[in-house]
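What follows is a single structure, written as structure tokens, with notes after it.
Each reported figure results from applying straightforward, stated rules to the coordinates on display, with no laboratory input. Quantities reported herein were computed from a predicted structural model and do not represent experimental measurements. We place every Cβ from the backbone using ideal geometry, glycine too, and count neighbours over all the protein chains shown.
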Ligand SMILES: Cc1cc2nc3c(=O)[nH]c(=O)nc-3n(C[C@H](O)[C@H](O)[C@H](O)COP(=O)(O)OP(=O)(O)OC[C@H]3O[C@@H](n4cnc5c(N)ncnc54)[C@H](O)[C@@H]3O)c2cc1C
């Protein structure tokens, strides 16, 4: 084992292996991955591994698009099968708002040069004849959608990294990470220590425990998550092609072909948290007991939409853990309290995002910044205020509403308030409608009466008129804006004024 490295990646799941691969690909070949067990020993091995290209966020869409195109190239490069099936994905809208969301996504896809477009019912019936399309208002098709083999993908990243000189040590748990005065780290394992420039926490289900080794607390909490696979279905056996997957978000389930049967997974309302006090060190390739009753409502909606699901027997149920952040986005990037410590924790769509996540991490570590702005993922968005109570409330809400439409400017109530300023009650009595900003409740706008909440939607909402009135009032007369939640920066030194004048539309007053 090397005793010196440019970077040590902790965790051999799909994410750790992708980061290692991309570091090596960008030229850092003196890199090591340490895995406490076999590769894939966390959430990775039992994932349904569906892949999708589109996301509500622009840069995350780009990352997912890159990931989807990478798998075939990776297979070719390494000779390791990634088990890529891309029979396409059908997205169904049952409501006007879902239709609006899908049409927005189709417009964005056009802009990114991605394939995502509307198909009519006849075409959808040809693509997936087992779906009952009654009550569906709009159908979009993503020809590149599909699924991959989780362990194939992880091993392909590992092979690609090794081929470029990276080292991987399995059955090598990291037992300590010790920061050095010069900003480097000593990573300790029972097989020896490594002095490294960077530590990368990609420990998945054990992200909290590995963070603790460096003295930091990450707001993460695992939940159970289930999917089942049916026995063979005669219509599928008789087909000479693979069926597209079905994204019926209004039905709150996902569905795709697996073997000659169907796989159905669900995000149920009755969330089950797991390992609240810490993920057991000895946990490995294990699953929880089946509990299909908990996802019965979702299952019934899947059966209504695809009756063949109800007619086939159930062959296998997977109930495994996945670990969430409070907003279900990855905790990503250099940790603000440490030097050269990169987090990549709490990933839900690991197979849709692994490639881009690895590439952006490698760019950020090697070049000091990534090609895309990763603001939405930055680990710095949470601080100690995101405590265990807040994390549990938010994770529960995220899980249960995984497939709900998340509208622009959405403010979610779960776990709030966390931090309030002395003026909070006064503002509330004045009709303030609050948003959450780094844990603080801050007024977004003022309603005529106290207790009003933001409405959500893609069209103009209840804040539109009052906010217009506030803006007019400020322009024509006077007003006070509470901006105590805004970040404050000190810009100083020779050239500070010139730089600020170049950055701002206004001119900096002379001192
Ligand atoms: C039932 C289910 C279905 C899913 N379906 C999908 C899907 O359809 N599509 C999709 O994109 N995603 C899906 N996911 C999510 C996906 O599995 C995860 O996003 C992904 O596997 C996360 O990978 P990871 O590498 O971050 O973590 P993990 O897979 O948890 O890997 C972490 C690794 O770190 C190692 N480790 C921990 N501590 C140490 C230590 N101290 N020293 C050394 N090594 C350590 C562990 O042994 C483990 O191998 C699903 C998850 C579940 C549970």
Problem - Percentage relative contact order, the chain, counting C-alpha pairs under 8 Å, at least six apart - result: 17
Practice task
Starting from one equal scatterer on each C-alpha and no solvent at all, send me the Debye-based log10 I(q)/I(0) for region 86-239 at q = 0.12 Å⁻¹, two decimals.
Solution key: -0.85
Exercise for the section: Kindly provide the pair-distance distribution of region 408-476 built from C-alpha pairs, with 10 Å bins from 0 and whole-percent values in order of increasing distance. Expected result: 19, 50, 29, 2
Completion exercise
quick note, the chain, DSSP beta bridge pairs, % antiparallel (nearest 5) is 70
Exercise for the section: Run the numbers on region 327-447 and let me know its relative contact order in percent, using alpha-carbon pairs under 8 Å that are six or more apart. Expected result: 20
Handout entry: residue 506-residue 182 pseudo-label distance in nm [points 7 Å out on the Cα-to-Cβ vector]
Key = 4.7
Handout entry: Chain lengthening between residue 300 and residue 123 when straightened (0.36 nm per residue, less Cα-Cα)
Key = 61.2 nm
Handout entry: Span from the region 325-397 Cα centroid across to the region 169-201 one, whole angstrom
Key = 21
Handout entry: Contour minus Cα-Cα distance for residue 423 and residue 191 (0.36 nm per residue)
Key = 77.9 nm
Practice task
Could you list the residues of region 405-421 with an amide nitrogen less than 20 Å from a label point located 7 Å from the Cα of residue 482 in the Cα-to-C-beta direction?
Solution key: 410-421
Completion exercise
Quick shape summary for region 252-301, equivalent ellipsoid via Cα gyration tensor, semi-axes whole Å in descending order, reads 25, 16, 9
Fill in the blank from the handout: region 95-177: spread of alpha-carbon positions along the three principal axes, whole Å, largest first, is 55, 30, 26
Handout entry: Cβ crowding within 10 Å averaged over residues, with 349-356, 113-120, 275-282, 21-28 ranked highest first
Key = 349-356, 21-28, 113-120, 275-282
Problem - Residue-averaged 222 nm ellipticity for the chain, from DSSP H runs of 4+ at -39500 (n - 2.57), nearest 500 - result: -9000 deg cm²/dmol
Problem - Rounded if a/c under 1.5, otherwise prolate or oblate - the chain, Cα gyration tensor axes - result: oblate
